[in-house]
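In what follows, a structure is listed as structure tokens, so that the remarks can point back to it.
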There are 2 protein chains.
Amino acid sequence: MTTPTTPTAGTNPSAATTPASPLTDEQRQRILDAVDAAFDRQIAFTQELVRHPSLRANESSAQDLLYGAMAGRGLTMDRWQLDPVELAAHPGAGAVEISYDGLENVVGTFAPQEERGNSLILNGHIDVVPEGPESQWARSPWDATVRDGWLYGRGSGDMKAGLVANLYAFDAVRAAGLTPTGRIHFESVVEEECTGNGSLSAHLRGYTADAVLIPEPEEDMLVRANTGVIWLRLRVDGKPTHPREMQTGFNAIDAAYFVIGELRKLEAAWNAKQGEHPYFEELDHPINFNVGKIQGGDWGSSVPAWCEVDVRVALYPGITADSAWAEITDALAAVTADSNGNPIATTATKTGFYAEGYVLEEGGAAEQALERSHSAAFDGAKLESFVTPGYLDGRVFVQYANTPALVYGPISEAIHGYDERVDLESVRRITKSIALFIAEWCGVE
Amino acid sequence: MTTPTTPTAGTNPSAATTPASPLTDEQRQRILDAVDAAFDRQIAFTQELVRHPSLRANESSAQDLLYGAMAGRGLTMDRWQLDPVELAAHPGAGAVEISYDGLENVVGTFAPQEERGNSLILNGHIDVVPEGPESQWARSPWDATVRDGWLYGRGSGDMKAGLVANLYAFDAVRAAGLTPTGRIHFESVVEEECTGNGSLSAHLRGYTADAVLIPEPEEDMLVRANTGVIWLRLRVDGKPTHPREMQTGFNAIDAAYFVIGELRKLEAAWNAKQGEHPYFEELDHPINFNVGKIQGGDWGSSVPAWCEVDVRVALYPGITADSAWAEITDALAAVTADSNGNPIATTATKTGFYAEGYVLEEGGAAEQALERSHSAAFDGAKLESFVTPGYLDGRVFVQYANTPALVYGPISEAIHGYDERVDLESVRRITKSIALFIAEWCGVE
């Protein structure tokens, strides 16, 4: 279900943005009430979306649902398949290890009759990480039940609640009798959990705006800075032998652990430099090298000859993926033998993310508008910002389009874990805040 | 291709064995010459057998070939599927994790017109261990080429050369114009590399004899003693989280490594007791715990919540599998937290071998006959015996049938490794030695 629609070309984001126009108290209240009025439907639609297990390369049915929801709102629709060749030419693209056949982004565009206000991208990703052994979940990761004010399910927090909040926030503005005067693109992208190529593809397709808001699960806060992420696979090869010769042989699983230990020295060295990186000075262990997956050996009674380890490496903003990669491969090349003197040769392959982190400059107009929206939605509370040591698609907008990225979203628990859940009262307030932000930032008539 | 033939019932192995009758020099020479005369055909047939990739649960076509070769020699044939229910009732059976549909043993029996000599089982296993990444082999593991006097290929040494030597040794006796006067069972069994259930099934089917010879690749030597083996799978479960929370989370891959480290303390404790175990006093590290296979985690950017490790544990003869199992599970139960204090719960499952080792008592009649055969085939060299820290089907015969097991076979390299190979001159001499042994042990007319 792709459409031949060409995207609405964006304005030049480097042009001066229109100052955000404050809402009247009465307009603001109408918007807040509209979110409340539709909130049961918003939850129901979020549940429906969670029930689509949009694991990597399985996003289509969830994208169909969002396409229908956007089209039903009268948006101009665009849907296209990611092009691995086009992406590969971009320095921020992640390595592609799977077929992109059928991997499609969906964008719905609202264009005001006369574009007077700031333009906005409301972005979110549809892909979710694997659920793991289902037996570890209290209920199915895909049944999207609500218990004690939490909506449960894989992707509930990360980030289907946010994706749906974008649409319902827009609904609330219109239900309040207001029409935005800035262009708005609603992006539902794939590949956020592995490469970031979904948002990058939307960027390459020409979607730009004066600001982007991405309601990732961020504990009702604004992300000030984050880390970049590189995914790589280590492979250690050796000589398999019969266990009766085990002492003279080389065990690739042991060797892989030795290599990981050496790599963790690099992790420690990078953490030791946190003082040089603004916003990261106070963080507890900002740089995490995660050993996410391991596989090695073929047979219990053969000394294993190979082991592969998937590692996720974090890097400070300002450190390019290329320079981090060079440090990693240098560190691996220096590991030539294990502690018993057995030779080790490790190869490293890029398997996904190859992304630098970003910093959101303080005090921008978009942030100021969000501060006001947040305060109105959260009973006068001040918008807090924080630093998160994880990948965010915000980097595509900040680095390649010079667009301020407001990554800001609801309270969640156990994202990427068992019994992932999102706090529905937080979703309600975030939706209100996004709705007010749309109205302020884009202007209304 | 199963046959309805009922097995020839064995004599009572505890009955006094007939003294082996020395051959005349002339008979001996005729047998040695007959091995040489057929040796090219023996190599060609071994190559053909290696070309059947008789990996576990894929033994059928190789068994077909041996069935045909035995039937063509006029043996009384028997072929049956292993019965996991019958096996499970036996204390020496290995845990069955796969379907046994189509997993069949083949036995061919030679019965003399009048049974005057000792009876003999010539046993070998048809199953081979996985070949691993084929790219690591100089040539395909299945093309069975001969280079510089070595026959290459997975299973060439372990133990298709031996299986075929059993048949060609018998051929040589008959080609020398002699007919054995003792009953001989040629056994081609499955499951030696994982459970030992193939030889155990042949035992349960009623095959017994006054001695068994198993030409495993043993460097032209006789196995005096070996270790028992237990296979188990460790599973460590935890809570997956996003790497941004990695410091507070639990990494099941790290935890599995910690558990392995604790298990290696048990390995060290058992090795420290080698002085208490006859034949193992002088061995370098007789007890090996092999981490053969590992698998854990689902996603590079999720802190892994589970890890499974296949471990092969060795135990001294005299230590029952049950008592070793109790020590292992006690050691695992004592690991309640990792070095950071994170709680660890490990489950251990039996996944294959559950076998005690054995000792071949010195100076038996069968061994004396083999000493003479070996010396004649190896230019007067003395038969050496040694201790091997690996599993052998010999234990089935020694422990459950009170039958002396002569595990004795050719020189090999890299069994269970890449470029596995067997020394053809060694195979020639071993075949000669087995042929002479058949004639001496069973008697000839």
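Summary table
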{"quantity": "Segment B:344-445: relative contact order in percent, alpha carbon pairs under 8 Å with at least 6 residues between", "calculated": "30"}
{"quantity": "Heavy-atom accessible area ranking, 1.4 Å probe, most first, across A:K273, A:K382", "calculated": "A:K382, A:K273"}
{"quantity": "Between segment B:373-445 and segment A:337-395, the alpha-carbon center distance in angstrom", "calculated": "65"}
{"quantity": "Projected area, mean over directions - segment A:158-312, Cα convex hull, nm²", "calculated": "14.0"}
{"quantity": "Simple label model, 7 Å out from Cα along Cβ direction - A:T336 to B:E362, nm", "calculated": "4.8"}
{"quantity": "Test item: A:281-292 mean partner chain Cβ contacts at 10 Å", "calculated": "5"}
{"quantity": "Mean shadow area of segment B:228-355, taken as a quarter of the surface of its Cα convex hull (nm²)", "calculated": "8.0"}
{"quantity": "Solvent exposure ordering (accessible area, 1.4 Å, most first) of A:R183, A:R56", "calculated": "A:R56, A:R183"}
{"quantity": "Accessible-area composition of the protein assembly as shown, carbon plus sulfur, in percent [1.4 Å probe]", "calculated": "49"}
{"quantity": "Amide H partners (placed H, <5 Å) of A:G352, local residues excluded", "calculated": "A:A95, A:W231"}
{"quantity": "Most fluctuating residue given options A:V173, A:V146, A:V50, as computed from a GNM of chain A linking Cα atoms under 10 Å", "calculated": "A:V146"}
{"quantity": "Mean accessible surface per residue for chain A, computed with a 1.4 Å probe while every protein chain stays in place, in Å²", "calculated": "34"}
{"quantity": "Protection proxy ranking, peptides A:161-167, B:132-138, average beta carbon neighbours within 10 Å, highest first", "calculated": "A:161-167, B:132-138"}
{"quantity": "Other-chain or far-sequence residues with amide H under 5 Å of B:E218's (modelled H)", "calculated": "B:G409"}
{"quantity": "Accessible area of B:T179 in the full protein assembly, 1.4 Å probe (Å², nearest 10)", "calculated": "50"}
{"quantity": "Potential extension, B:A89-B:A71 segment - 0.36 nm per residue separation minus Cα distance", "calculated": "3.3 nm"}
{"quantity": "Chains B and A, summed buried accessible surface - 1.4 Å probe, Å², nearest 100", "calculated": "5000"}
{"quantity": "Anchor B:K432: aspartates and glutamates whose Cα lies under 13 Å away (excluding residues fewer than 8 positions away in-chain)", "calculated": "B:D33, B:D36, B:D171, B:D220, B:E371, B:D379, B:E440"}
{"quantity": "Among B:E218, B:E115, B:E97: highest mean-square fluctuation, GNM of chain B, C-alpha pairs under 10 Å", "calculated": "B:E97"}
{"quantity": "Long-range amide H partners of A:V335 with built H, under 5 Å", "calculated": "none"}
{"quantity": "Heavy-atom accessible area order for A:D78, B:D220, largest first, 1.4 Å probe", "calculated": "B:D220, A:D78"}
{"quantity": "Separation in nanometres of the label points that stand 7 Å from Cα toward Cβ, at B:E262 and B:N402", "calculated": "4.4"}
{"quantity": "Residue-wise HN-Hα coupling along segment B:69-79, computed from phi with Karplus coefficients 6.51, -1.76, 1.60 (Hz; x: Gly, Pro)", "calculated": "5, 6, 4, x, 8, x, 6, 7, 9, 9, 8"}
{"quantity": "Estimated FRET transfer efficiency (A:A326, B:E425; beta-carbon r; R0 51 Å; 0.05)", "calculated": "0.45"}
{"quantity": "Highest average packing first - A:365-371, B:32-38, A:286-292, Cβ atoms within 10 Å", "calculated": "A:286-292, A:365-371, B:32-38"}
{"quantity": "R0 of 51 Å, Cβ-Cβ distance A:D36-A:K273: FRET efficiency to nearest 0.05", "calculated": "0.60"}
{"quantity": "Calculated FRET value between B:N58 and B:T347, using beta carbons and R₀ = 25 Å, to 0.05", "calculated": "0.25"}
{"quantity": "For residues of B:410-421, the mean tally of beta carbons on other chains within 10 Å", "calculated": "4"}
{"quantity": "HN-Hα J in Hz across segment B:219-230 - Karplus 6.51, -1.76, 1.60, θ = phi - 60°, x for Gly and Pro", "calculated": "6, 6, 10, 9, 7, 7, 7, 9, 8, x, 9, 10"}
{"quantity": "Exercise: per-residue mean of other protein chain Cβ atoms within 10 Å, A:386-395", "calculated": "2"}
{"quantity": "Contact order normalised by residue count of segment A:70-224, Cα under 8 Å, 6+ apart, percent", "calculated": "35"}
{"quantity": "Mean separation of Cα contacts under 8 Å (6+ apart) over length of chain A, as relative contact order %", "calculated": "26"}
{"quantity": "Phi-based couplings in Hz for segment B:156-172 (Karplus 6.51, -1.76, 1.60; Gly and Pro marked x)", "calculated": "4, x, 10, 8, 5, 4, x, 4, 6, 4, 4, 6, 6, 5, 4, 3, 5"}
{"quantity": "Teacher prompt: A:G261 distances to equivalent labels in other copies, 7 Å Cα→Cβ, nm", "calculated": "0.8"}
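The values are calculated or read from the model by the stated rules, or taken from the named source; none is laboratory data. This is a predicted model, so every value here is computed, not measured. Cβ atoms come from the backbone with ideal geometry, glycine included; neighbour counts cover every protein chain shown. These accessible areas exclude ligands, DNA and RNA; they are computed on the full protein's heavy atoms, side chains included. Shrake-Rupley method; radii C 1.70, N 1.55, O 1.52, S 1.80 Å.
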